[in-house]
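The values are calculated or read from the model by the stated rules, or taken from the named source; none is laboratory data. Everything numeric here is computed off the predicted structure, so don't read it as measured data. Using ideal geometry, Cβ is built from the backbone for each residue, glycine included, and neighbour counts are taken over all protein chains shown.
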Amino acid sequence: MTEPTNNLFDLTDKVALITGSSRGIGLAMASGLAQSGAKVVLCGRKQEGIDEAVKTIRDHGGEATGIPAHMGRAEDLQALVDHAVETFGGIDILVNNAATNPVFGPLLDNDDAAFDKIMEVNVKGPLNLAKLVHPIMVSRGGGSIINVSSIGGLRPEPMLGLYSMSKAALISLTKVMAAEWGGDSVRVNVLCPGLIQTQFSQALWSNEKILNSVVGKLPLKRIAQPEELVGMTVYLASAASSYCTGSVMTVDGGHTI
Ligand SMILES: NC(=O)c1ccc[n+]([C@@H]2O[C@H](COP(=O)([O-])OP(=O)(O)OC[C@H]3O[C@@H](n4cnc5c(N)ncnc54)[C@H](O)[C@@H]3O)[C@@H](O)[C@H]2O)c1
Ligand SMILES: O=C(O)[C@H](O)[C@@H](O)[C@H](O)[C@H](O)CO
């Protein structure tokens, strides 16, 4: 018999940094991590949205702080990490959630500027932030990094070619990090959501034709709310997933069956 485990999902005394957490999936993840006991550090592009999100989490009894940071600016990423360390003493969990998609249409219509912006925010930013956080995790005996990709990273989504490519790159980057950092007890996993009802995906779910065509093919016959990503996030952040690294986890209502 092994020793009984109290609560594998408990995050008391852990510090979690979640990018793109002023709204949508990132805010739901930050709230869920805080409810499991973690102190959370939020970021987004505008102070106003962050202040509101921090207040929401504190009103529910969580510990939270946050500052604006653009994923493409190295100085913002350093300031974000410094803020987390100054406020809560370190970082144990990093959720690379922020992403952008400025274009919708075929590759032939996409220009270099769109390519560079998508790769900068969706791939280079997460890598650079993880590189800043890695030594802090190592100094605390290890940590968990969760990269937020998409089902578009598993199969290209029509008209979302560059975005899909960036999300596939993030899946590959996750595996590289997992392979290189496992020996440091830094676990790295990637989460691939299906269609979730947020501002980001509004063009898809607010168009009845697109919505019906997506839902029609889904085994669960509905799209999801951001809160439905919380269970997998807490799992990947906590001791419950202690032997899990380099994993690609779908939360997609069966979309990729
Ligand atoms: N909504 C979906 O259907 C869906 C599906 C699969 C994957 N995803 C992924 O989930 C993640 C969150 O998406 P969401 O739907 O919650 O989006 P959202 O638009 O509701 O929220 C995005 C968040 O990212 C922040 N952000 C955007 N660009 C940024 C930048 N350059 N620097 C820093 N922060 C930035 C915003 O301030 C906001 O806090 C993204 O990685 C997205 O690709 C979303
Ligand atoms: O990453 C995203 O924003 C979404 O997952 C999209 O890829 C939708 O799910 C898809 O377009 C529906 O078919």
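Annotations
- Members of region 10-28 found to be assigned to a loop (DSSP other than H, G, I, E, B) and under 14 Å from Leu236 (Cα atoms), listed by number: Asp10, Leu11, Lys14
- Of residues in region 93-113 being surrounded by fewer than 21 Cβ atoms within 10 Å (Cβ to Cβ) and in contact with a helix residue (DSSP H, G or I) (Cβ under 6 Å, 6 or more places away or on another chain), the one nearest to Lys39 (Cα to Cα): Thr100
- Residues of region 91-150 satisfying the condition of being under 19 Å from Ala203 (Cβ atoms) and away from ligand 1 (no atom under 16 Å from the Cβ): Gly105, Pro106, Leu107, Asp109, Asn110
- Qualifying residue in region 162-173 (condition: away from ligand 2 (no atom under 16 Å from the Cβ), crowded, with 19+ Cβ neighbours inside 10 Å and not charged (D, E, K, R)): yes
- Residue in region 39-52 that is more than 14 Å from ligand 1 (Cβ to nearest atom), modelled with pLDDT of 95 or more and either of a type outside the set (Phe, Trp, Tyr) or loosely packed, with under 14 Cβ neighbours inside 10 Å (or both) present: yes
For every residue, the table says whether it meets (1) surrounded by 19 or more Cβ atoms within 10 Å (Cβ to Cβ); (2) under 21 Å from Gly26 (Cα atoms); (3) in contact with a helix residue (DSSP H, G or I) (Cβ under 9 Å, 6 or more places away or on another chain); (4) without any contact (Cβ under 8 Å) to a residue 60 or more places away in the chain.
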{"residue": "His60", "(1), (2), (3), (4)": "no, yes, yes, yes"}
{"residue": "Met71", "(1), (2), (3), (4)": "yes, yes, yes, yes"}
{"residue": "Met119", "(1), (2), (3), (4)": "no, yes, yes, yes"}
{"residue": "Leu127", "(1), (2), (3), (4)": "no, yes, yes, yes"}
{"residue": "Gly142", "(1), (2), (3), (4)": "no, no, yes, yes"}
{"residue": "Ile146", "(1), (2), (3), (4)": "yes, yes, yes, no"}
{"residue": "Ile151", "(1), (2), (3), (4)": "yes, yes, yes, no"}
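- Region 224-257, residues that are touching a residue at least 60 places away in the same chain (Cβ under 8 Å), of a type in the set (A, V, I, L, M) and assigned to a helix (DSSP H, G or I): Leu229, Val230, Val234, Leu236, Ala237, Ala239, Ala240
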